[in-house]
Amino acid sequence: MKSFKLDWLVLPLIGAGIVLLLWQISSATWAKELPSPLKTWETSKPYIVEPFAKRGEMDQGILRFTWYSLILVAKGYALALLIGTPLGFFLGLSKTFTKIFDPIIQVLRPVSPLAWLPLGLVLFMGAGKNASELGALFTIAICAMWPTVLNTAVGVRAIPQDYLNVAKVLKLSRTKTLFKVLIPAALPYMFTGFRLSLGIAWLVIVAAEMLTGRPGVGGFLWQEYNSLIYEHIILCIITIGVVGFVLDRLMSLAESKFKTA
Amino acid sequence: MSDYLVIDNLTKIYPTPKGDAVIVKDFNLRIKKGEFVCLIGHSGCGKSTVLSMVTGLNEITGGGIILAGKELVGPGPDRGIVFQSPCLLPWMTAFENVMLGVDQVFFTADKAERKQIAEYYLSVVGLADSMHKKPAELSQGMRQRVGIARAFALSPKMLLLDEPFGMLDSLTRMELQQVLIELWRRDKKTALMVTHDVDEALFLADRIVCMTNGPEAEVGEILEVHFPRPRDRKAVLEHPDYYKLREHLIAFLEERAHKKLPKTKIDLPKSSPPQNPNGSAHRKALNVLLNHA
Ligand SMILES: Nc1ncnc2c1ncn2[C@@H]1O[C@H](COP(=O)(O)OP(=O)(O)OP(=O)(O)O)[C@@H](O)[C@H]1O
Ligand SMILES: [Mg+2]
């Protein structure tokens, strides 16, 4: 059969349709507490059609919540890159540094955000009102930085000797070598790390908000669970998924820009 | 004229699991200022090893190298290097690649002057119209032109070339030989070039240094090439000595480099003896003969 023009639109819609159908069947049969798609839409409507409304601290339009979450993610993510990139460079450049820090990194890397968050809150207990934000930032940064660290290190190690020789022959200063040779050469790998880190940062934000009760998609989700408004849980899940998908796409776009360079 | 580059008892040993591998041993060569010297020898004999020690990118195991009266330690922009692959940084345009070196060497000059230097050499090698392209947008030959422009733009004391045209088709190769030799004449550079191509060596060189086969490779024989300059390819090919020299080189590569026989005196104009007549080449050659006897 000849592949037809709207494939990219129609086929994903079929997929979404199948999921909707399963959801409908489930809510009608074995999961009676699960709101049906139609009911979800009706209950969520005010939050979608007025996405930036602010009716109360924990009663705001869905995009307004998303915005709060994104700001917190941006901060934590920036922190992760700021720490992770230099750390990756040191790992890539120095064998000794790798020997010293690689084992501890491998141990810390698999620790779940749910485990880090309480520690973050304890660390910043003295910060009073800001404790929950700082704790959340700490958790996002420490969970999200590993892909950046590891990919940067791999990228630096993979820099062809030819490029390093150019720097050696021209006797480039350390700074010039870093900015003219090392960073551009490692950039494609670094971007892969940046993209994966952003994905993790977005995963962590929701957990962080749920546990701290901060306003945002995750906080809203948890509150609505406690208030037994299950439709909103689904609204939040869909929002989180869509935002994560968009972020990943944007990063892929930036990544492919640098790949060709 | 005095010797500009002096390579003195240069030795390279690589430690291997099976013990030390002596690749080059007691390699001696003197090059005068403004001379063009080609280094030929069998594949794997150690030509690149010698050249890379002169570039400073490869550590010297024994002996020393003196350039313009100063012992060389490590790499530096006083030597313009062109390798088989041009080693351009792919994220920079041809112009930026050249500028990276020019900025380094002429840091006292102002920006406009530096720009002029880079543009001048890129134009001379024939890239006036494509100097703002990235290496990926350039053909293999054009990339090698950038490499040549970069080497000359540094205003180096000497040029070191390792089979710079080895990956090019024969037409491009001849074009680039012309570009190289013209720049060399204009800037009066001293050059040491490794090549596999006997005709290329005869067209470019003042002297051709033949290396013996490794391990423990050294200078086997040095051939003077006295064709008048500026050289015209046709005139060189029609020169009465051309085929004699060519035959001699090929014979060296085919036989003598292998067997390390003592040098037979052949009837050639100005064929100079190797530079260490009492050196190990002769001793070794004699030993070979004695052992076989
Ligand atoms: N890092 C290394 N460790 C051990 N041996 C090496 C190393 N590098 C090169 N060699 C050996 O040194 C010898 C000379 O190598 P070199 O590259 O100088 O040869 P070449 O004359 O340039 O050959 P070609 O004409 O093929 O380029 C080879 O036998 C090679 O195996
Ligand atoms: Mg070689």
> Counting Lys and Arg as +1 and Asp and Glu as -1, each charge on the Cβ, what is the dipole of chain A about the Cα centre in debye, to the nearest 20?
Replying inline: 1220
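Report relative contact order for chain B in percent, whole number only (criteria: Cα-Cα under 8 Å, sequence separation at least 6).
Numbers: 520 pairs, mean separation 65.9, N = 293.
Relative contact order for chain B comes out at 23 percent.
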> Which residues' amide hydrogens lie under 5 Å from the amide hydrogen of B:Ala21, considering only partners 5 or more residues apart or on another chain, with H built in the peptide plane?
Replying inline: B:Tyr14, B:Thr16
> Does anyone have the angle between helix B:280-292 and the longest principal axis of chain B? Alpha-carbon axes, 0 to 90°, nearest 10?
Replying inline: 40
> Quick one: Karplus J couplings for the range A:183-195, per residue in order, coefficients 6.51, -1.76, 1.60, θ = phi - 60°, nearest Hz, x for Gly and Pro?
Replying inline: 5, x, 6, 8, 4, x, 5, 4, 5, 4, x, 4, 5
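Kirkwood Rh over Cα pairs of chain B into Stokes-Einstein at 20 °C, 1.002 mPa s: D in µm²/s?
Details: Rh = 20.0 Å.
Stokes-Einstein gives a translational diffusion coefficient of 107 µm²/s.
Using Cα pairs closer than 8 Å and at least 6 residues apart in sequence, work out the relative contact order for the range B:88-169, in percent.
In percent, rounded to a whole number, it is 38.
Count, for each residue of B:160-169, the Cβ atoms from other chains sitting within 10 Å of its Cβ, then give me the mean as a whole number.
Values: counts 1, 0, 0, 0, 0, 0, 0, 0, 0, 0.
What the average comes to for B:160-169 is 0.
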> Can you list residues whose amide H is under 5 Å from A:Gln60's amide H, if they're 5+ apart or on another chain and H is modeled 1.01 Å from N?
Replying inline: A:Arg55
> Bin by bin, in steps of 10 Å, what percent of the Cα pairs in the range B:48-148 do you find, going until the bin that has the longest distance?
Replying inline: 14, 39, 31, 14, 1
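Taking square-rooted eigenvalues a ≥ b ≥ c of the alpha carbon gyration tensor, is the range B:24-70 rounded, prolate or oblate, where a/c under 1.5 means rounded and, failing that, a/b exceeding b/c means prolate?
Values: a/c = 1.84, a/b = 1.18, b/c = 1.56.
It comes out oblate by the Cα gyration axes.
Carbon and sulfur together cover what percent of the accessible area of the protein assembly as shown at a 1.4 Å probe radius? Before the final figure, lay out each step's value.
Details: 17590 of 27800 Å².
Carbon plus sulfur share of accessible area: 63 percent.
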> the protein assembly as shown: D in µm²/s via Stokes-Einstein (Kirkwood Rh, Cα pairs, 37 °C, 0.692 mPa s)?
Replying inline: 113
> Taking 0.36 nm per residue of separation and subtracting the Cα-Cα distance, what length does fully extending A:Ser36 through A:Asp102 add?
Replying inline: 18.9 nm
> Which whole-number value in Å² is the accessible area per residue of the range A:62-260, probe 1.4 Å?
Replying inline: 49
>> Can you list the residues in the range B:75-95 whose accessible area drops by at least 30 Å² when all protein chains are present, compared with the chain alone? Use a 1.4 Å probe, heavy atoms only.
In response: B:Pro75, B:Pro77, B:Cys87, B:Leu89, B:Pro90, B:Trp91
>> About the Cα centre, and with charges only on the beta carbon of Lys, Arg (+1) and Asp, Glu (-1), how big is the dipole of the protein assembly as shown? Nearest 20 debye, please.
In response: 560
> Given that compact globular proteins tend to follow 2.2 N^0.38 Å, what is the ratio of the alpha-carbon Rg of the range A:103-196 to that value?
Replying inline: 1.47
>> Buried by at least 10 Å² relative to the chain on its own: which residues of the range A:148-182 qualify, computing accessible area with a 1.4 Å probe on protein heavy atoms?
In response: A:Asp162, A:Tyr163, A:Asn165, A:Val166, A:Lys168, A:Val169, A:Leu170, A:Lys171, A:Leu172, A:Lys176, A:Lys180, A:Val181
>> For a test of the definition: using alpha carbon positions, the gyration tensor, and the 1.5 limit on a/c, classify the range A:62-260 as rounded, prolate or oblate.
In response: prolate
> Given a Förster distance of 25 angstrom, what is the FRET efficiency for A:Ile25 paired with A:Val246, based on the Cβ-Cβ distance and rounded to 0.05?
Replying inline: 0.30
>> Between 0 and 90 degrees, rounded to the nearest ten: what's the tilt of helix A:95-108 against the longest Cα principal axis of chain A?
In response: 10
>> Heavy atoms of the protein only, probe of 1.4 Å, neighbouring chains included. What is the accessible area of B:Glu71 in Å², nearest 10?
In response: 120
> How much FRET efficiency would the formula 1/(1 + (r/R0)^6) give for B:Thr16 and A:Asp162, where r is the Cβ-Cβ distance and R0 is 22 Å, rounded to 0.05?
Replying inline: 0.40
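Under a Cβ-Cβ cut-off of 14 Å, what is the net charge of the residues other than A:Leu247 that fall near it, where Lys and Arg count +1 and Asp and Glu count -1? All intermediate terms of the calculation are to be shown ahead of the outcome.
Details: positive: A:Arg195, A:Arg249; negative: A:Asp248, A:Glu255.
That sum, taken over residues with Cβ under 14 Å, equals 0.
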>> Report the gain in length on full extension from B:Ala128 to B:Asp187: 0.36 nm times residue separation, minus Cα-Cα distance, nm rounded to one decimal.
In response: 19.3 nm
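Where does each of A:113-121, A:204-212, A:184-192 land if you order them by average Cβ count within 10 Å, highest first?
On the way: A:113-121: 18.2, A:204-212: 24.6, A:184-192: 21.4.
My ranking of the peptides, most packed first, is A:204-212, A:184-192, A:113-121.
Just list whichever of B:Lys12/B:Lys47; A:Lys171/B:Lys12; A:Lys257/B:Lys134; A:Lys54/A:Lys129; B:Lys33/B:Lys244; B:Lys32/B:Lys157 have alpha carbons separated by over 19 Å in the model shown. Before the final figure, lay out the partial values.
Working: B:Lys12/B:Lys47 11 Å; A:Lys171/B:Lys12 24 Å; A:Lys257/B:Lys134 14 Å; A:Lys54/A:Lys129 22 Å; B:Lys33/B:Lys244 27 Å; B:Lys32/B:Lys157 12 Å.
Violating the 19 Å Cα-Cα cut-off are A:Lys171/B:Lys12; A:Lys54/A:Lys129; B:Lys33/B:Lys244.
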> Helix B:111-124: angle to the longest alpha-carbon principal axis of chain B, degrees 0 to 90, nearest 10?
Replying inline: 60
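Relative contact order, percent, of the range A:62-260 when contacts are C-alpha pairs under 8 Å separated by at least 6 residues?
Numbers: 245 pairs, mean separation 54.2, N = 199.
So the answer I get is 27 percent.
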>> As I understand it, the dipole of the range A:62-260 uses +1 on the Cβ of Lys and Arg and -1 on the Cβ of Asp and Glu, about the Cα centre. Which of A:Ser197, A:Ala136, A:Phe220 lies farthest toward its positive end?
In response: A:Ser197
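The values are calculated or read from the model by the stated rules, or taken from the named source; none is laboratory data. The structure displayed is predicted, hence computed values, not measured ones. When we count neighbours, we look across all protein chains shown, and the Cβ atoms used for this are built from the backbone with ideal geometry, even at glycine. With ligands, DNA and RNA removed, areas are computed over all heavy atoms of the protein, side chains included. Shrake-Rupley method; radii C 1.70, N 1.55, O 1.52, S 1.80 Å.
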